[in-house]
Every structure is written in C-alpha cells, then in structure tokens.
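Note sheet for the following structure.
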Amino acid sequence: MKNKIVCYFSAAQSEQPIIYRLVKNYDLIVNILKADINPLKQGYLVMELEGSKEKYKEGLVFLKNLGVIVEPLSEKVVWHDDLCIQCGACASFCPTEALAIDRETMLVSFDDTKCVLCSMCLECCPTRAIILHFDVREAV
Ligand code: SF4
Ligand code: SF4
C-alpha cells in the first residue's frame, strides 16, 4: 500500500533516526515530500510511505509509540491567477476540466471542486502558477 501522511515532531523526536528505522526495520519506501524544522528543532515531515499493508501498519505504530503525531495528509491544488500567463497548457492536460479554457474569452480558469488531484497539471506550467498545497498546522 502507499499513503501520504504528516508527522509532527518534538525536539527530542527529531534527533532520532526515524526514517532510517522505517526503511530498515519495516521495509518501507519513504518519499519525503516536504519538511520543516524550526530553530527549536520542532517540526513536521510530509511523506509518502509505501510497503506491505502489515509493515505499513507496524511502521505507523512505531511512529506513534515514539510520540510522533501522525495524521493523514490533506492536500489541494492551488492556482495563482496572478502568475498565470494564459498559455493554456494546463487545460490540455486536465482530465476533469477543473482547469479549463473559456472558448469565448480564451481565458483559463480553475474550479477546485472538479479537481481530482491527479497532478497532471503541476509539471506543465511554465510559471509555476499551479502548486500542490499541503495542509499542515504549526509544529508541536
Ligand atoms: S490536479 Fe488533475 S484534476 Fe486537478 S487541476 Fe490539475 S490536472 Fe486537473
Ligand atoms: S499552464 Fe500555467 S501559465 Fe499556462 S494557463 Fe495554466 S496556469 Fe496559466
């Protein structure tokens, strides 16, 4: 199974080789998507974990037993229209017409209610007007 999670660390927890143990002891593939540690060494990691269902669950128990707060990742696509140069590239990739071109005005618009988070648009934008926003809270 593959899942994205957010882990919130205290200073003591951030000193530990948590990623190493997830890989070595639980045979998980860890893909770190975003990390932020403040000067007090508190912070969070957004990561994708992949492995067998059993090992995935054991890995989460390991994190929770360390006192790491684990939450499912909430993410959304955000379109910055001020950065958009109306090239139309994203609309040709978007399978749900969340990003679409109005045929009368030829302007691109974004309807987040239609977005299925497929990520097809993220790489094609020349100005990075479309980004993936991870919904994370302040560090513990
Ligand atoms: S993530 Fe997928 S569905 Fe959402 S706007 Fe981009 S291409 Fe469209
Ligand atoms: S690819 Fe980027 S710049 Fe081009 S229309 Fe889409 S959001 Fe705008």
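Using bins of 5 Å that start at zero, the share of Cα-Cα pairs per bin across the range 75-134 amounts to 4, 21, 35, 27, 10, 2, 0, in whole %. Estimated from the Cβ-Cβ distance and a Förster radius of 25 angstrom, the FRET efficiency linking residue 34 and residue 104 is about 0.05. Each residue of the chain gets 126 Å³ once the volume of the Cα convex hull is shared out per residue.
Computing Rg and the Kirkwood Rh from the Cα coordinates of the range 2-72 gives a ratio, Rg/Rh, of 0.94.
Please compute the contact order of the range 2-72 in relative form: average sequence separation of alpha-carbon pairs under 8 Å and at least six residues apart, divided by the residue count, as a percent. So the answer I get is 45 percent.
Note that the chain presents 62 Å² accessible area per residue, ligands and nucleic acids not counted, probe 1.4 Å. Note on residue 119: accessible area is roughly 50 Å² with a 1.4 Å probe, heavy atoms of protein only. Measuring only protein heavy atoms, the 1.4 Å probe finds residue 71 accessible over about 60 Å². Remark: the residue 83-residue 117 segment gains 10.2 nm on full extension, using 0.36 nm per residue and subtracting the alpha carbon distance.
The values are calculated or read from the model by the stated rules, or taken from the named source; none is laboratory data. All figures in this text were calculated on a predicted structure; none of them were measured in a lab. Every residue, glycine among them, receives a Cβ derived from its backbone with ideal geometry; neighbour counts consider all protein chains shown. Accessible surface areas use protein heavy atoms only, side chains included; no ligands, DNA or RNA. Shrake-Rupley method; radii C 1.70, N 1.55, O 1.52, S 1.80 Å.
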